[in-house]
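The structure under discussion appears below in the form of structure tokens.
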Amino acid sequence: MPFHLYIQKEKLIIVEATDLAGLTSQRQLNLFRNTAHQSASISFDKLNPLGKRVAKNRDALALIVGVANYQETTAQAIYADNDAKMFVDFATEKLGVSDNRIETLINDGAELTDMLQSIKNWLFRSVKRERTDVYIYFAGHGLASDDGEKMYLLPYDGSPQFLDRTAISSFELFNDIASANPRSVTVFLDTCYSGTTRGPDMLIASRPIVIKAKEQAIPDNFTVFTAAAGDQTANPLQEAEHGMFSYFLMKGMEGDADANKDNQITAIELHTYVEENVIQQSSGSQTPDLQGDADRVIVQFN
């Protein structure tokens, strides 16, 4: 039985069929697009530490900390543990750090004593003076003192109410690392100090006022990447299930930040890439910061 299809108008279809006896029949179909619940989606590429290869840096070491769930506060640092676990692979594949020279502290494995042990014992003893490149990565909560003068990184069991007793001072952290006399120190902080979090909660519910942390001086051989300005929030990138800063930091290290295509990524190239993408995705509410040597080579591809 032959049939014919005629499209007379944009939404009208006529189907004509003829049987063996020559009888013809027609049916008209009206087509409508259902847009009542249609919405566009945003997607991001999966992070991939493999790809362009780098040389091993046998003297380098990395301390990687990620805390999403805290003992002394219900405010979560969403995806911070995912960030740290992924950064382990980037430390080996893009920074060239050997597996046996990476210390990783995740969630309840990142208590205050764990962090102090890693900084004051493992790191200090592992540094080869004037030869070791040290990498510090921290994803989790940070908080400034009431006057904004001091900045703290919150370990798993840290209390926002008792920062000076239960948290890690960034000033003391930097001084402890500097005293080991490494060749260079590169710090990546996916945290903020304003009292806001990656979720809807404040770190101290009774103090809902946003704190503005003041910029601190850093030692001469330090390069410090920070997720947000002193009075801003370090946001999550929900679609990628990572912190926004961490996602674009690692995406840039894959090679996307190599602006001049010379097979190396400097601090300023990486910062520029991260800054542009974070500002876009946060609608301008989060601006990453860079302190230190802008020309330092962070990633060197073979």
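In segment 253-268, what residues are in contact with a strand residue (DSSP E or B) (Cβ under 8 Å, 6 or more places away or on another chain) and not β-branched (Val, Ile, Thr)?
Hits for segment 253-268 are Met253, Gly255, Ala257, Asp258, Asn263, Gln264, Ala267.
Take the conditions in a loop (DSSP other than H, G, I, E, B) and either farther than 19 Å from Asp220 by Cβ or at pLDDT 95 or above (or both) and apply them to Tyr156. Does it pass? Considered against the rule, which asks whether it is in a loop (DSSP other than H, G, I, E, B) and either farther than 19 Å from Asp220 by Cβ or at pLDDT 95 or above (or both), Tyr156 comes out as yes. Being modelled with pLDDT under 95 and among the β-branched types (Val, Ile, Thr) is the filter here; which residues of segment 244-292 pass it? The one that is modelled with pLDDT under 95 and among the β-branched types (Val, Ile, Thr): Thr287. Would you say Tyr137 is in a loop (DSSP other than H, G, I, E, B), assigned by TED's automatic domain parsing to the domain that holds Gly109 and closer than 16 Å to Asn107 by Cβ? Against the criterion (in a loop (DSSP other than H, G, I, E, B), assigned by TED's automatic domain parsing to the domain that holds Gly109 and closer than 16 Å to Asn107 by Cβ), Tyr137 does not qualify.
Conditions (1) outside the structural domain of Asn82 (by TED's automatic domain parsing); (2) of a type in the set (Ser, Thr, Tyr); (3) modelled with pLDDT under 70, marked per residue:
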{"position": "Ile204", "(1), (2), (3)": "no, no, yes"}
{"position": "Glu215", "(1), (2), (3)": "no, no, yes"}
{"position": "Pro219", "(1), (2), (3)": "no, no, no"}
{"position": "Thr226", "(1), (2), (3)": "no, yes, no"}
{"position": "Thr233", "(1), (2), (3)": "no, yes, no"}
{"position": "His242", "(1), (2), (3)": "no, no, no"}
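Condition check for Arg125 on (1) surrounded by fewer than 20 Cβ atoms within 10 Å (Cβ to Cβ); (2) more than 17 Å from the chain's Cα centre (by Cα); (3) in a loop (DSSP other than H, G, I, E, B); (4) not β-branched (Val, Ile, Thr): one failure, at (3). Just so you know, in segment 170-186 the residues that are out of contact with any helix residue (DSSP H, G or I) (no Cβ under 8 Å at 6 or more places or on another chain) and not polar (S, T, N, Q) include one that is surrounded by the most Cβ atoms within 10 Å (Cβ to Cβ), and it is Pro182. Selection over segment 175-191 of residues that are within 21 Å of Ala77 (Cβ to Cβ) and either part of a helix (DSSP H, G or I) or among the β-branched types (Val, Ile, Thr) (or both) gives a count of 2.
Summed over segment 42-85, the residues that are surrounded by fewer than 23 Cβ atoms within 10 Å (Cβ to Cβ) and of a type outside the set (Asp, Glu) give a count of 26.
The values are calculated or read from the model by the stated rules, or taken from the named source; none is laboratory data. This structure is a prediction, so every number in the text was calculated from the model and none was measured. Neighbour counts run over all protein chains shown; Cβ positions are idealised from the backbone, glycine included.
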